[in-house]
Structure formats: C-alpha cells, structure tokens
Amino acid sequence: MTRRLGVLISGRGSNLQAILAAIDRGDLDAEVGIVVSNKADAPGLSHARAAGIATEVLDHRQFPTRDDYDAAMVERLRAHDIGLVCLAGFMRLLGPAFVRAFPDAILNVHPSLLPAFPGLDAQRQAFEHGVKLTGCTVHFVNEELDAGPIVLQTAVSVLPEDTVESLAARILVEEHRLYPRAIAMVLSGRWRIDGRRFVDVTSSFGA
Ligand code: GRF
C-alpha cells in the first residue's frame, strides 16, 4: 500500500483538515494525493486547493449508472497512485466495483459507536434514542452501509444539558483525533483481519 491518501468529501471537510494537520505536525507519515468531491461547491475543496493538493469534482448526476461513477472514481484514484482511500463526509454509497478495486484499503469515519446508529444523522439518532454513551468509529468500507471491520472507536458521554448540536460538536473533536490515528495504524501494515475483527498485531506479545 502506498502512503498516498485519496480523500473523498461532499461538504465541510473538517476531517480532511484534521488529516492534513496531522501530516503537517509529523504525526501521520502520509501524503494526500488527491481530494475528490461529488459536489462542486464543497467547502472542503477550497481547503485542499489552498494546501496545494490536486482536487477533482466527480458529480454523480453526470454518470448514467453507479457502476460508471465508481469506475471513473477508481480511474482518478489510480491515476494519482492512491494506496488508501479515506471517506471523510462523502455522502454517496460506493458500489461493489469500487470496494473490490481497493480491497481492505477504504476507510470511513462515522459519528456513532457502530454498529449502533448507522446511516444518516447518527448523532441525532443516538441523542433521540437516549443513549448515555455514543462516539465515533473508523472502519473499513465494505459493500454494506457502515458495516466493515472496526479499526478504532472513541466513546463520548451524552450529558444531561446536551443538544444534538453540542453532542455532535464534541463527537467531531474526537473524530479529528481518531481518524489520523486510524490511518497511521492501517498504513503501518501491522494488523490483520480475523473474521470481522481488525487485530492490531503490534500489541500482541511475541507475535
Ligand atoms: C462527520 O461527522 C463524519 O463522521 C460524517 O460526516 C461528517 C463529515 O464532516 N461521515 P466533515 O466534512 O469532515 O467536516
């Protein structure tokens, strides 16, 4: 796996910025090779351009089928020699052709403790359900929604005075810490997948 990341966004891009900041600080030994957005007006694209990173807009509405869209995305990422694909607020489901093109090399960050509250608006789902503990998850992407092996998670308490917004803001702070760490761990290659379990082999004595 090359240490070149392809970051896919649809909006704000704060996780993209956290990844770039971790690289700048020297905490994450990687480089962002390309940022792709499915929306031309995604604010995250300006951060990428300001950092001198190649950007592309691939608007799903301009492709006849999901397969065509996925094939174009794979082609762009390959052209930039991307080893690890990082979804960061990318609001499109990727199909089987895309997932198979990057086996065990697509990550996503999700704002809940999966498998609780997959899908959209996870912070609101957790808040309205009344859980006392939620958080964020970095996981591999497979062909099911928010369902691949879990790399790392951080728990965040729901406080009595919380609103959906205050809770989401505290979760986001943790996402920004968690995602670069998870990327570094995956790039280290010192892990294996055992069934559904991501196993960090550096922590096992004598391995
Ligand atoms: C984050 O909450 C992430 O967990 C979810 O979408 C949001 C993206 O935020 N998948 P940003 O674009 O990285 O600021």
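For Asp146, are the conditions met, namely being surrounded by 15 or more Cβ atoms within 10 Å (Cβ to Cβ), touching a Phe, Trp or Tyr at 6+ places or on another chain (Cβ under 9 Å) and modelled with pLDDT of 95 or more?
It is false that Asp146 is surrounded by 15 or more Cβ atoms within 10 Å (Cβ to Cβ), touching a Phe, Trp or Tyr at 6+ places or on another chain (Cβ under 9 Å) and modelled with pLDDT of 95 or more.
Quick grid of which residues meet (1) touching a helix residue (DSSP H, G or I) at 6+ places or on another chain (Cβ under 8 Å); (2) over 17 Å from Asn142 (Cα atoms); (3) at pLDDT below 95:
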residue	(1), (2), (3)
Thr2	no, yes, yes
Val7	yes, no, no
Ala40	no, yes, no
His60	yes, yes, yes
Val74	yes, no, no
His80	no, yes, no
Leu87	no, no, no
Ala97	yes, no, yes
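Could you list, in sequence order, all residues of region 166-192 that are within 10 Å of the ligand (Cβ to nearest atom) and either within 12 Å of Ala22 (Cβ to Cβ) or touching a residue at least 60 places away in the same chain (Cβ under 8 Å) (or both)?
Ile171, Leu172, Glu175, His176, Leu178, Tyr179
Would you check which residues across region 107-124 are near the ligand (Cβ under 10 Å from one of its atoms), of a type in the set (A, V, I, L, M) and either farther than 15 Å from Val164 by Cβ or outside any loop (DSSP other than H, G, I, E, B) (or both) and list them?
Within region 107-124, Val109, Ala122 qualify.
Being assigned to a loop (DSSP other than H, G, I, E, B) and over 23 Å from Thr2 (Cβ atoms) is the filter; apply it to region 51-88 and report the residue that is nearest to the ligand (Cβ to nearest atom).
Asp59
If you check Ala182 against the conditions, is it closer than 26 Å to Gly6 by Cβ, in contact with a His (Cβ under 8 Å, 6 or more places away or on another chain) and hydrophobic (A, V, I, L, M, F, W, C)?
Against the criterion (closer than 26 Å to Gly6 by Cβ, in contact with a His (Cβ under 8 Å, 6 or more places away or on another chain) and hydrophobic (A, V, I, L, M, F, W, C)), Ala182 does not qualify.
The values are calculated or read from the model by the stated rules, or taken from the named source; none is laboratory data. Keep in mind the model is a prediction, meaning the values are calculated, not measured. Note that each Cβ is placed from the backbone with ideal geometry, even for glycine, and that neighbours are counted across all protein chains shown.
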